[in-house]
Amino acid sequence: MFIIGELINGMYADIQAAISSRNKLIVQKCALEQVACGASALDVNCGPASKNPLIDMPWLIEAVQEVTDKPLCLDSSKAEVIKAGLKVSKNKTIINSTTADEEKLDVLLPLAKQYNSQLVAITISKKGIPQNKDQRLELAANIVAYCQDNGFPVEDLYLDPILLPVNVAQEQIKGILESIHEFKLLCDPSPKTIVGLSNLSQGIRLRSLINRTFLTMSLAYGLDSAILNPKDNELMDALITAELILNKNIYCDSYLEAYRKK
Amino acid sequence: METQLALEKWPHEISTVIIGAKNEHGGSRSHSIEIGGQKSLPLLFKEGVIPNKPKIAFEVWDIAPVDWDSELVSAYGKSIKDPFAWVDKCVNDFKAELLCLKMQGAHPDSGDKGAEESAKFVSELLSRTGVPLIIIGCENDVKDNLIMPLISEAAKKERCLIGCAVQDNYKTLAASALADGHTIIAQSPIDINIAKQLNILISDIGLAFERIVMDPTIGSLGYGLEYAYSIMERARLAALSGDKSLASPFICFVGQEAWKAKEAKASANQGIIWEVITASSLIQSGADLLVMRHPKAIEKVNNFIEMLYKG
């Protein structure tokens with residue numbers, strides 16, 4: 001699985017403080033710790049409190065790429081913030097994210113092409129969050145068709161079915177799992193699939209258990225990538241074990257250690 | 001319309017292992033042998049670089065072999081009775097570039113030679129020949145744990161490939177290899193899970209994956225060749241996909257297995273054929289290093305390798 005570390009986010013107090021005091025060592029430590037724990041890429045988000053994301057985003061990116069060449073997932077709902085980040089990125093990039101709305105795709109897809117970036121597309125539109133699997137699939141199909149019509153390689157597209165907290169939308173979670181599988185059937189080569197795992201457990205108890213249980217289930221449905229906390233050891237153990245059970249890695253008694261030596 | 005080949009692109013590669021240290025690397029070998037390093041499945045030259053051909057080591061013992069077939073014995077003539085003359089014959093007459101020395105004489109049933117005597121033998125052999133060495137014990141764990149540390153020390157800095165470490169007995173050998181600058185053979189009983197586990201255990205001691213060569217344990221033609229073949233294939237697929245703990249080159253003890261077969265002993269030529277077929281099949285499943293016995297079989301397999309790699 002392509003693991004995107006979620007911890008460089010201004011939503012967290014330490015990163016928010018680092019941004020406002022311009023202390024890049026804290027950001028860099030956070031980046032390296034996530035990589036050491038198995039992150040294949042790093043999400044970068046200035047957070048809701050950032051007063052000047054057009055300056056904060058490039059600063060964060062420059063700080064991170066001083067210490068790692070892992071791909072960076074530029075996380076903002078504002079296209080101009082993403083553009084400011086892309087301008088300074090030397091590492092590979094993933095734009096996070098567009099919605100299914102054409103006016104968003106019209107801006108972000110050309111940016112992705114221009115900067116040779118991959119693109120996360122969430123299956124929501126200005127009509128709101130889809131309420132069932134069929135609505136998710138319809139939005140996903142629109143996004144895929146838009147990419148095909150505009151010459152963007154579908155294998156560089158990550159479709160996000162938008163995870164909702166389990167206490168808010170319990171009846172939707174099974175449909176979300178099924179969407180992950182069905183997104184892959186939309187075309188060949190198929191788009192990649194991604195979830196922002198922590199959304200599932202916002203504001204509820206036993207977060208780590210709920211996250212890792214969903215992650216193992218979604219792996220069985222063919223999930224390619226997740227934005228998650230790689231420093232959650234039990235989550236990573238569950239991920240490695242799920243991949244083992246799905247025959248992605250060869251068993252040995254020390255398979256957890258073997259995976260981490262990769 | 002021209003047929004398009006469906007080419008696979010692999011993100012990772014097999015480790016490169018070097019056997020034998022020349023002067024500039026602190027040893028006294030006349031040359032060194034490089035194996036592994038490929039970025040594709042065996043012989044699929046269009047999919048990725050395959051920098052090294054499979055190599056063949058002549059199997060020699062520290063004593064005159066007691067149970068070798070008469071055809072094998074006659075191929076080496078009188079020299080086989082004296083290990084040093086046997087080595088000379090391999091190097092001078094048959095142009096061996098790599099030797100696999102088995103310390104059979106230390107086995108309690110084959111002379112029970114002590115550690116000092118065995119180490120002295122290795123020292124003398126190293127001073128007589130510049131060919132890189134693979135050195136394996138007598139396949140008695142207790143005895144090997146006594147002789148191999150001294151043998152390893154006697155060959156310090158020569159970058160020999162020493163073996164065989166197994167899951168229940170790897171620490172002594174791995175520590176010696178680490179201390180004396182050798183590489184190690186990790187042997188698993190036709191079991192990919194144990195092969196992977198053993199590589200992890202050895203790397204935990206401090207020997208990098210790049211200093212491990214895997215012996216998957218093979219069977220000869222008619223005696224389980226296909227089991228080894230499929231395990232090697234599976235390990236290779238995992239390794240090329242990114243599993244470093246299986247990305248070691250393979251060593252296959254072809255000679256000892258082929259000449260066990262009753263068919264090999266049935267007639268002079270058939271033994272050679274048995275050894276050739278076993279070796280050439282294993283090359284196609286990814287063998288990097290073949291330990292063989294009959295000079296004629298070695299010649300034929302070397303010719304086969306040249307033909308395969310002509311492109």
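A compact table of results
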| item | result |
| --- | --- |
| Per-residue [θ]222 nm for the protein assembly as shown (sum of -39500 (n - 2.57) over DSSP H runs n ≥ 4, rounded to 500) | -13000 deg cm²/dmol |
| FRET efficiency for residue A:127 and residue B:45, using Cβ-Cβ distance with R0 set to 60 Å, rounded to 0.05 | 0.65 |
| Residues of the range B:103-257: accessible area per residue with a 1.4 Å probe, Å² | 35 Å² |
| Among the listed pairs A:248/B:9; A:192/A:262; B:143/B:171; A:70/A:92, those beyond 19 Å (Cα-Cα) | A:192/A:262 |
| Residue A:195 long-range amide H proximity, modeled H, under 5 Å | A:225, A:226, A:227 |
| For chain A, built as a Gaussian network whose Cα springs stay under 10 Å, the top-fluctuating residue of A:56, A:134, A:224 | A:134 |
| Estimated inter-spin distance, residue A:167 and residue B:141, nm [label 7 Å along Cα→Cβ] | 5.5 nm |
| Within straight-line cross-link reach of residue B:78, lysines at Cα separation under 26 Å, skipping those fewer than 8 residues along the same chain | B:89, B:95, B:102, B:113, B:120, B:260, B:262, B:265, B:296, B:300 |
| 10 Å Cβ neighbours from other chains, averaged over peptide A:115-122 | 0 |
| Extension gain, residue A:145 back to residue A:66 (0.36 nm per residue minus Cα-Cα distance, nm) | 24.7 nm |
| Length released on extending from residue B:169 to residue B:66, taking residue separation times 0.36 nm less the Cα-Cα span | 34.4 nm |
| GNM top mover of A:110, A:230, A:58 - chain A, alpha-carbon springs below 10 Å | A:110 |
| Residue with peak Gaussian network fluctuation, chain B [Cα springs, cutoff 10 Å], from B:288, B:168, B:69 | B:168 |
| Coil-residue trypsin sites (Lys or Arg not before Pro) of the range B:36-83, DSSP, other Cβ within 10 Å capped at 15 | B:46 |
| Using a Förster distance of 35 Å, the FRET efficiency for residue B:227-residue A:32 (Cβ separation, nearest 0.05) | 0.20 |
| Cross-link reach list, lysines versus residue A:78, counting only Cα pairs under 16 Å and skipping chain neighbours closer than eight places | A:51, A:87, A:104, A:126 |
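The values are calculated or read from the model by the stated rules, or taken from the named source; none is laboratory data. Here the structure is a predicted model, which is why all the values come from computation and not from measurement. Cβ coordinates were reconstructed from backbone atoms using ideal geometry, including for glycine residues, and neighbour counts include every protein chain displayed. Note: accessible area is taken over every heavy atom of the protein model, side chains too, but ligands, DNA and RNA are not part of it. Shrake-Rupley method; radii C 1.70, N 1.55, O 1.52, S 1.80 Å.
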